[in-house]
Amino acid sequence: MKVKSWLMAMGASVLMAGTAVADPVTLRIQTHYATEHPTGQLLAQWIDDVQTMSGGDISVEMFYSSSVVASTETFDAAINGILDCDATGGAYQTGKNPAFQFVGDIMGGYDTPWQQYSWLYYGGGYDAAQELYNAQNMQLIGWSIYGQESLSSSRPIAGFEDLKGWKFRSPPGMETEIFDKLGASPIVMDFTEIFTALETGIIDGADASGLANNVGLGLYDIVKHATYPGFHSMPSDHLACNLDVWNGLSDQQRRIIDTAWQKLSFQVALANEKKNAEAAAQLTAAGVTLYNWSPADRAEFRKAAQAAWEDWGTRSPEAAALLKSHKSYLKDLGLIN
């Protein structure tokens, strides 16, 4: 019995020695999502997953609704140690390097979140993007992609020809260049100005978010036309951490964070796919007209998007490298020639 007890004690000691390899750490992370937003709720689940799987070795202090610094400043706050990680999106950092456009919103590239995820994990995208992040002393952990955004409009937007003279709220960057060349009149304005601009006729429509999110925002109380499924924009949010902080974690801690983030990533896409389908049925019943652009019109948009890609690809060596990687994989998928 004494030998058995001794062996059990030794086994427990070995097990503890094998698992207690990391010092407890608290990660300070900022997101632009509110706690009540669907993605904010999934982030809360991610925190619970990380803290539970790590047995309390990893704690997460999440700052919602960009409560520490502005959303566009989150990345720099993580670089400078004010935060440990950034849970916003790479598209905010195009001023730092134009290459971030190709990890933030490729515009007119992939049709589904699953295709875009597959570039990251199976198309060489992770390594290509990591060079860009590491050069800023940051580590890209992963993406979350909620799917194609829908254009909302006060007038029909059934295809390519309907873009002529169409005034709409657009985010800054590549999108304005693409739509301008297609004959539309993109107007960059703050998100909060959309509703007044639509009600007063300053704009005909808006690029705001996905269909279900647009319903939540109340856009279709004002306008009665929308594109669905979307085709023009599929932004990717990221989790990116200060490289020194990331390297200071144990292999176990890094694996837990990465695995939990992949769970969150796919749940974001799945949840939004379901919500968008429900929103489409709800809007159709309420008299809102939804337009699924023809393959020919989608091809015309992608052609214009590719011209913009080529221009952005000349703006930095990193942008050129990421564009080359995307184009190679898009050809493999048969999405471009």
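The values are calculated or read from the model by the stated rules, or taken from the named source; none is laboratory data. Only a predicted model underlies this, so the values are computations on that prediction, with no experimental measurement involved. Here the Cβ positions follow ideal geometry from the backbone for every residue, glycine too, while neighbour counts run over all protein chains shown.
Miscellaneous remarks
- E36 meets the conditions (1) within 19 Å of L264 (Cα to Cα); (2) among the charged types (D, E, K, R); (3) buried (at least 18 other Cβ atoms within 10 Å of the Cβ) in every case but one. The failed one is (3).
- Residue in the stretch 295-311 that is of a type in the set (F, W, Y) and within 30 Å of S59 (Cα to Cα) present: no
- Within the stretch 120-227, strands (runs of 3 or more DSSP E) holding 1 or more residues that are among the polar types (S, T, N, Q), under 28 Å from G40 (Cβ atoms) and under 25 Å from the mean Cα position of the chain (by Cα): 138-145, 151-153, 167-170, 225-227
- Whichever residue in the stretch 54-107 is among the hydroxyl-bearing types (S, T, Y) and at positive phi and, among such residues, is surrounded by the fewest Cβ atoms within 10 Å (Cβ to Cβ): S65
- Restricted to the stretch 295-321, and to residues there that are touching a Gly at 6+ places or on another chain (Cβ under 6 Å) and of a type outside the set (D, E, K, R), the residue that is surrounded by the most Cβ atoms within 10 Å (Cβ to Cβ) is A305.
- Of all residues in the stretch 1-33, those being at pLDDT below 90 and touching a Phe, Trp or Tyr at 6+ places or on another chain (Cβ under 6 Å) number 0.
- Any hit, the stretch 129-146, residues being at pLDDT 95 or above and under 17 Å from L330 (Cα atoms): yes
- Criterion violated by Q282 - all others in (1) surrounded by 20 or more Cβ atoms within 10 Å (Cβ to Cβ); (2) modelled with pLDDT of 95 or more; (3) not hydroxyl-bearing (S, T, Y) satisfied: (1)
- All told, D76 falls short of being among the acidic types (D, E), assigned by TED's automatic domain parsing to the domain that holds T31 and in contact with a Phe, Trp or Tyr (Cβ under 9 Å, 6 or more places away or on another chain).
- Test: residue in the stretch 141-160 that is more than 30 Å from D258 (Cα to Cα), free of Cβ contacts under 8 Å to residues at least 24 places away in the same chain, aliphatic (A, V, I, L, M) and surrounded by 20 or more Cβ atoms within 10 Å (Cβ to Cβ): no
- When the test is whether a residue is modelled with pLDDT of 95 or more and either within 14 Å of S150 (Cα to Cα) or crowded, with 23+ Cβ neighbours inside 10 Å (or both), A212 does not pass it.
- From the list T39, T72, the lone residue that is part of a helix (DSSP H, G or I), at pLDDT below 95, touching a strand residue (DSSP E or B) at 6+ places or on another chain (Cβ under 8 Å) and among the hydroxyl-bearing types (S, T, Y) is T39.
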